[in-house]
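Presented below is the structure to which this report refers.
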């Protein structure tokens, strides 16, 4: 952490780092589901059109996640 920051700025930076880590966690959880769908598609157990629907749903979910963490 930068020692030139005031105590308030240091706290804000720590809070931002926590929020960023949580954002990463939430996004990766959503991606894991999509990744599993890709594996199912690759193995032949999920039709391509269902995968494309799931990609679209992930995109919508990711937009919502982004909105939650953008300020």
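Taking the conditions (1) under 23 Å from the mean Cα position of the chain (by Cα); (2) exposed (fewer than 11 other Cβ atoms within 10 Å of the Cβ) in turn, residue 6 satisfies each one other than (1).
Pairing residues of region 37-64 that are free of Cβ contacts under 8 Å to residues at least 12 places away in the same chain with residues that are in a helix (DSSP H, G or I) and surrounded by 10 or more Cβ atoms within 10 Å (Cβ to Cβ), at Cβ distances under 7 Å and at least 6 apart in sequence or on separate chains, gives 41/51; 46/37; 46/40; 48/41.
Read-outs: derived from the displayed coordinates by stated rules, not from any lab. Predicted model, so just to flag it, every value in this text is computed and none were measured. With ideal geometry, Cβ positions are generated from the backbone for all residues, glycine too; neighbour counts draw on all protein chains shown.
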